[in-house]
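The values are calculated or read from the model by the stated rules, or taken from the named source; none is laboratory data. Keep in mind the model is a prediction, meaning the values are calculated, not measured. Here the Cβ positions follow ideal geometry from the backbone for every residue, glycine too, while neighbour counts run over all protein chains shown.
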Amino acid sequence: MALRPIDNALPTTPERPKKQAKVVVPIQKQSDSAVKDENKPPSADPVIDYVLSENLKAIPDPETKIQSLIEGLDSKDWTKVCESLNNARRFALYHSTLLLPLLEKVVVVMVKAMKNPRSALIKTSIMASSDIFNAFGDKLLDSFPSEAFDHLLLQLLLKASQDKRFVCEEADKALNAMVKSMTPLPLFNKLRAYVSHFNLRVRAKAAISLSNCVSKMELEGMKEVGLVALVQMAADLLKDRLPEAREAARSIVISIYEAFTENEEQKQEAWQSFCLSNLTPIHAQSMLKIIPSQ
């Protein structure tokens, strides 16, 4: 009978192994630190040099070297891919006619590199995209299926939306180079899909690029897009959660106003009549508030 209290006490011993669960905590922390090390800013990477476009040199004997470019882009060694992307930049700047037949392949590799978690590969590919835009402009829409450009545009918008400053700033430069180098109307048609993107940061970055695109348009180009559709898009963006998107919307409205009233003597009256005739009262009022009364 006296043994029973001892037997009843035994079940308390299996509770001790619960303490072993704490062992997984430092393992998780180690994993987190590994991810952070993988995504350090480029300055921490001793292998890759980030050469500014103006410091890139022409390639000696480019007709021979172009043959090995694809092999380097297809390499499983990420450092060789970075080197090949830099060579692609040099071809774009100094030997663009040789690179043109390989342009789709280069764009596909740039997109793949931007999806890679390695920071050096991301930055190199974004820098390459800027030089590709400056060298080829509208040919990026004409030389191969549009899906390749669509993937590139989305990745640049995503990278420009990141918290990492060195990635975001480089992607912003690439988007600016894209807008400057391409005809506004076809680029506008590519960008307009992203101003309703579910990611509010992507939406804001797309709105900024679209605003810059509209600022390059003449009135005829705006009419081809549709003036009413354009101001309605701006009205929707004025209600966006991010101030960057709202500021881009105001810039779009100002560009439309300046183009629409360029040859009007009574600018305010013409603008007011247009807004009240084509928009809902709420949207019309939001348009009229942006343009100060003279």
Within region 228-242, identify whether any single residue is within 19 Å of residue 187 (Cβ to Cβ) and either among the hydroxyl-bearing types (Ser, Thr, Tyr) or touching a Phe, Trp or Tyr at 6+ places or on another chain (Cβ under 8 Å) (or both), and answer yes or no. no
Can you pull out every residue in region 231-259 that is assigned to a helix (DSSP H, G or I) and either farther than 14 Å from residue 291 by Cα or outside the structural domain of residue 218 (by TED's automatic domain parsing) (or both)? 232, 233, 236, 237, 243, 244, 245, 246, 248
Quick check on region 151-163. Is at least one of its residues farther than 20 Å from residue 129 by Cβ, modelled with pLDDT of 95 or more and either of a type in the set (S, T, N, Q) or crowded, with 18+ Cβ neighbours inside 10 Å (or both)? no
Failed criterion for residue 49 (all others in (1) charged (D, E, K, R); (2) crowded, with 16+ Cβ neighbours inside 10 Å; (3) part of a loop (DSSP other than H, G, I, E, B) hold): (2)
Filtered residues of region 106-152 (kept if among the aliphatic types (A, V, I, L, M) and either more than 21 Å from residue 164 (Cβ to Cβ) or in contact with a strand residue (DSSP E or B) (Cβ under 9 Å, 6 or more places away or on another chain) (or both)): 106, 107, 108, 109, 132, 135, 140, 141, 148
Name every residue in region 67-89 that is part of a helix (DSSP H, G or I) and either among the small types (Gly, Ala, Ser) or surrounded by 21 or more Cβ atoms within 10 Å (Cβ to Cβ) (or both), in order of residue number. 68, 69, 72, 73, 81, 82, 84, 85, 87, 88, 89
